[in-house]
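Inspection log for the structure reproduced underneath, given as C-alpha cells.
The values are calculated or read from the model by the stated rules, or taken from the named source; none is laboratory data. None of these values were measured; they are calculated from a predicted model. All Cβ positions, glycine included, derive from the backbone under ideal geometry; neighbour counts span all protein chains shown. Quick note on the areas: whole protein, heavy atoms, side chains included, nothing else; ligands and nucleic acids left out. Shrake-Rupley method; radii C 1.70, N 1.55, O 1.52, S 1.80 Å.
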Amino acid sequence: MLYTITKPNTYQDSIVLMLLSNKLNEVEGVNKAQAMMATPANKDILAGGGFDTEEMREAGANDIVIVVDTDDESKVEEISALVDSELAGGADDEEEVEANNWRKALTIAKEPNVALISLPGQYAAMEGMNALHNNLNVFMFSDNVSVEDERKLKETAHKKGLLVMGPDAGTGVINGTPLAFTNIINKGNIGVVGASGTGIQEVTTITDRLGGGVTNAIGTGGRDLKDAIGAITMIDAIKALNSDPSVDVITVLSKPSSEAIQDKVNSVLRSLDKPVVVLYLGDTPEYTEENIFHAYTLEETAIAALQKSKGEEVSFEPSIKEDVTANFNDKQVGIRGFYSGGTLATEAAMLIKHATGEESAEDEAFVYKSEHHQIIDLGDDMYTQGTPHPMIDPANRLKALESAASDDEIAVVLLDNVLGYGSHKNMAAQLAPAIEKFLAAKKDAGQEVVVLATVVGTDKDVQGYDSQRRILEGAGAVICDTNDQMVRTALNLIGEKVEQPVREVKSFDKTNEDLTVADSLKDLISGELSVINIGLEGFTEALVDQEVDYVQFNWRPSAGGNEELMKVLQFLNHYEGDI
Amino acid sequence: MLYTASVAGSAALHLLKTERELKIHSVFNNGVNLVNKTGTLLFIGTDKNGYFPFGITLDQYSVKEVVTKSKPHDKITINRQEIRHKNYSIMLNQVEEFRPDFDFHLADLNQLRENFKHIDFSSYQNSDFDDLKMKKLLDGLKNYSPELETTLRYFVGRGKGLTPTGDDILSGILYADALDKFIDDRSYSLIERLYNENLTTMVSKAFILLALKEIFSSRVTALQRNPSVETMNALKALGSSSGLDTLYGIYKTLNQE
C-alpha cells in the first residue's frame, strides 16, 4: 500500500532528500520509499518507479513529496516522525554545535579553553565553578554574583592556572577574538587589562583608529580591585601579558581602589621590564614613572600606550573641537550627559568636576549631579531593570532627550554611541530623529544649544564607524573623536577648561615579584580559542564571524531550579573524599 | 531585533525598489525565500555559496536568527532602507550592490576546456543525463525544432533537491552560451515559456529566468576571469550537487561537436 506525505513549500538539498530516501528504505516493514521535489519531471520518475498516488500527483513543484510503500499501516506514524526529524535537523551539514549538558558540551567542543557564561547570577557562580573544574577559563558576563562567590572562583582559578574574567565583564578580546560587547580591533603589540568595560572599548578603539593594535584586552570585572577580591585576575592577567613575547606595552585600566590594592598592583607593575601605562580613572595622577606612565584620561592612556609601543616618548596634548560656537542666554550654563557607557560617564564626571570645582550631590540616579551639570549612566542597574541596556535599546535615551527639551539650563548635551558586537545595529539612526526634534524644540524656544556626540568603534565594526558618525552629524550633532575631546569641547563652550595634571617623575626600586605564569594562561592569550557558550546565544555571533570553534550550551537549571538542591548536587559532583 | 545586510544582488534591489509588500514563501536551513504577488523571488541568506542576483546577504548568525523567527506566509513590508518582519528588521543602509559580471569576452575557452579535464563527470554516464540525452538537448537548442519542447520538458525540474539537476545543467549550458553563442533565438523563447509554467522549484525558475538575461551568480562568472581548476572546485562546492551539475552543463557545451 502506498502512503504519501507532502511538505508544502519546503526545500532541502538533494543530498538530504537522498539520505532521507535511504533512511526510509531501511525502516523495517518498508518495501520501498522515495523523497523528491514534486516537479512534473520528478513526478513522472516517481510514477514510473511505482510511486504513483493521487496526493503525489497533486503536489506542486515547490513541495517535497515522500511516497512510502509498506504493508504495515502502523509504520506510517513512525515514518512521518522520521521525516519530520530528518527534515528539521538532517539538512544541516555543519558540525554539531549545541549541547544541553556539560558532558555533551565537553565531548563535542574542540579542545575548549573558555566558558562564556551569561546565566542569571545565582546560577552563574555554580557553572563558573563547573567550568574551572573542567579546566576552562571563565568569561563571566553575568552580574549579581556575590563577592564571596567571586573570590572563591578567582582563588580556584588562580590555583589551577586559569583566569576568571568578570563577573559583570562586558568586554574582552582574547587572542584577537572579541567576546561579549566588544569592537573588532586590529591585532597588535599592546596588551590591555581592565576593570572597566567601556573603558577598554574606548582605549582599544582609539588605538585601532590611530593604526595600533591590541591582541588581548582582558576584562577583570568591576570588583576585582576591591579589597575583598584582591586584584587576583588583574595580577594574573598582567603576568600573562608580560610572558607573551608579542606584547610590547601593557595597559592597565581601573577605577581607583584602596591604597593597599593599588600598591599591590603597582608592585607587580614595577617588577616588569615591559613599559606600562596605568590609569586609575577618577584620580588626578601626581607623578609618573620612567617605565610606568600614569595617565589621566582614557584617550591619554591610548595615546601613551601607542607612543610607547613605537618606542617614542609620551606626549599628549588634549584637544577640543575649535569651530563649534553657540550664543547661550544667561540661564544656559549646564552640561547634560546621557551616556550608555558607564566608564565614559565616569570620565565626563571627573573632567567636569575638575574643571568647574562643583561638588556632586549624593544621588544614585546620577554619576554626577552638581549645581549646574548632570551626567547620567543609563546603563546603570537602576535604569535597566526590566528594560534592555541602552547600548541595545535607545528608549531611555530618547526619553532623556525629550525631557531635556524643556530644561532651560541646558547649553550642551553629551551623547555616546558604543558600537561593536552586542550593541544595537544602528543606534545612530535611532538617536538621530530625537536629536533633530530636540534641536528644533530649542530653536522654537529661542535657545541655541549644542549636541556633542562621540562614536566608540572601528571601521571593522558591523555598524560602520563612518556611517554612524555621518548619521549623527546629519541630525545636527557635532561629532567628537573621543570622549575626552567631547567633554573638553563642552567645557570650552561654557567657558571652562580642565587643566592637564602636572606630574613629576618619581623613581621606585624595581620590585622582585614572582612573574611565573602557568602554561594554560599562556595558551589562553596566544593559542587557539575554543568556547563553550553558556547562556545568551547572541554571543556566538562574534565567534561565528571570527571563525572560532564554539559549542552552544543550552543550559537549564538542574533539580528543577531548586537552588539548595543544586548546590548539594554541585558539592557531590566535585566531592573528592569518601562518602 | 535588527540585522544588517551586507550585499544585495541587483535583481533583489530592483524588487525592493518596486515592491512595498512581500510574503515569506519558504524557510529552510540556509535562508528564507520571499515572493511578491507575481511570484518573483528574493532570497535572504549567507554568502556561503557566493552572491546571487536575487539574493540579500547577511552574516551566518543573523541568518540563523531570521530563519528561526520566520514562517511561511508571514508578511514583510519594505521601507526605504529596511525589510521589516514582525519579529525583526533587516537594515539596508550599508548594503553593497552585487552587480552581475557581463564581461564574458574575457573568458579563455581553451583554458577552460583544458582544466575541465581535471573534473570528474563520470557519475553522469549512468544517470538521467548521459551523453545521449545531453547531445539531444544541445543539438535541439542549436538547431531549433518543435521536438525540443519534449527534450526540455525532460530536463526541467528533473532531479532531487532545491535546484533539480536538470535545471542546474541548463543553467550551465546558458552560461557556456553566454561565453560562446550557439543557441537559436527560438530556443530561448521556448525555455522562457516552459520556466513560466511552474515545472520546477521557484529557486530554479529564478536562476534560469535571470540566466536567459545573461545574469549569473558570482561563483559562475568567476570562471570568465579565472579559468583555473580552483575556480571550478569552488563552484563544484556549491550545494550538494548544484555546482557540479552547472559545471557539467558548461563542460558538455564547450566540448560539443
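Brief remarks on what is shown
- The mean number of Cβ atoms from other chains found within 10 Å of a Cβ in peptide B:161-174 is 3, as a whole number.
- With all protein chains in place and ligands, DNA and RNA left out, the 1.4 Å accessible area ranks A:149, A:514 as A:514, A:149, largest first.
- 15 Å reach of a label modelled at residue A:329, 7 Å along Cα-to-Cβ, counting backbone N of the range A:370-406: A:405-406
- Tail weight of P(r) past 18 Å, computed on alpha-carbon pairs of the range B:104-255, percent: 52
- Counting heavy atoms of the protein chains alone, residue A:141 has an accessible area of about 50 Å² for a 1.4 Å probe.
- The range B:173-212 and the range B:28-97: distance between their alpha carbon centers, rounded to Å: 25
- Dimensions in Å of the range A:2-87 - Rg and Dmax from alpha carbons: 11.5, 31
- Between the range A:484-502 and the range A:150-229, the alpha-carbon center distance in angstrom: 29
- Nearest-0.05 FRET efficiency for residue A:186 and residue A:15, computed from C-beta distance (R0 51 Å): 0.80
- Relative frequency of Cα-Cα separations exceeding 48 Å in the protein assembly as shown, percent: 34
- Interface area, chains B and A: about 3000 Å² of buried accessible surface, summed, with a 1.4 Å probe and ligands, DNA and RNA left out.
- Note that the range B:230-236 has calculated 3J(HN,Hα) couplings of 4, 4, 5, 5, 5, 5, 4 Hz, one per residue in order, obtained from phi through the Karplus relation 6.51 cos²θ - 1.76 cosθ + 1.60 (θ = phi - 60°); glycine and proline are x.
- For the residues B:118, A:372, a 1.4 Å probe over the protein chains yields an accessible-area ranking, largest first, of B:118, A:372.
- Total charge dipole magnitude, the range B:86-241, about the Cα centre, Cβ charges on Lys, Arg, Asp, Glu only, Debye to nearest 20: 360
- A DSSP coil position with no more than 14 other Cβ atoms inside 10 Å describes the following GluC sites (Glu not before Pro) in the range A:466-524: A:499.
- Per-residue ellipticity at 222 nm from helix content only, as computed over chain B with -39500 (n - 2.57) for each DSSP H run of at least four residues, stands at -12500 deg cm²/dmol.
- Rounded to the nearest 10 square angstrom, residue B:153 shows an accessible area of 90 square angstrom against a 1.4 Å probe.
- Beta bridges by DSSP in chain A, antiparallel share as percent, to the nearest 5: 25
- The phi torsions of the range B:18-33, fed into the Karplus equation with coefficients 6.51, -1.76 and 1.60 and a -60° offset, translate into couplings of 9, 10, 9, 9, 10, 9, 6, 8, 8, 10, 9, 4, 9, x, 10, 9 Hz, rounded to whole numbers, with Gly and Pro shown as x.
- Both radii are taken from the alpha-carbon atoms of the range B:24-129; with Rh as the Kirkwood radius, Rg/Rh is 1.11.
- Modelled FRET efficiency - R0 45 Å, residue B:69 with residue A:354, Cβ distances, 0.05 increments: 0.40
- For chain A, accessible area per residue (1.4 Å probe, heavy atoms of protein chains only), Å²: 42
- Computed over chain B, Cα set: Rg, Dmax in Å: 18.4, 56
- Heavy atoms of residue B:240 accessible to a 1.4 Å probe, total area in Å² rounded to 10: 50
- Each stretch of four or more DSSP H residues adds -39500 (n - 2.57); spread over every residue of chain A, this sum gives -11500 deg cm²/dmol at 222 nm.
- Along the range B:175-190 the Karplus relation, 6.51 cos²θ - 1.76 cosθ + 1.60 evaluated at θ = phi - 60°, assigns HN-Hα couplings of 5, 4, 5, 5, 6, 8, 4, 8, 7, 5, 4, 5, 5, 4, 4, 5 Hz to successive residues, with x for each Gly and Pro.
- Only protein atoms count toward the accessible area here, which uses a 1.4 Å probe; on the range A:334-493, the carbon and sulfur part of that area reaches 46 percent.
- In this simple spin-label approximation, residue A:503 and residue A:460 carry label points 7 Å from Cα along the Cα→Cβ vector, and these lie 2.8 nm apart.
- On the beta carbon distance between residue B:86 and residue A:100, with R0 = 30 Å, the FRET formula returns roughly 0.55.
- Of all DSSP beta bridges confined to chain B, the antiparallel ones make up roughly 70%.
- 5 angstrom amide H check on residue B:216, placed H, neighbours 5+ away: B:101
- Principal axis dimensions, the range A:326-467 - Cα atoms, whole angstrom, descending: 43, 34, 29
- Three semi-axes describe the equivalent ellipsoid of the range A:487-528; taken as square roots of 5 times the Cα gyration tensor eigenvalues and ordered largest first, they are 43, 23, 5 Å.
- Computed from label points 7 Å out along Cα-Cβ, the spacing between residue A:227 and residue A:402 is 4.6 nm.
- Cα-only Debye scattering, the range A:298-386: base-10 log of I(q)/I(0) at q = 0.10, 0.17, 0.20 Å⁻¹: -0.38, -0.88, -1.03
- Here's how it looks for residue A:194: its modeled amide H is under 5 Å from those of A:218, A:219, A:220, A:253, which are all 5 or more places away or on a different chain.
- Residues in the range B:202-231 that a label on residue B:110 would reach, taking backbone N under 19 Å of a point 7 Å out along Cα→Cβ: B:224-229
- Residues of the range A:332-366 with amide N under 13 Å of a point placed 7 Å along Cα→Cβ from residue A:382: A:361-366
- Chain A - charge dipole about Cα centre, Lys and Arg +1 at Cβ, Asp and Glu -1, debye rounded to 20: 1020
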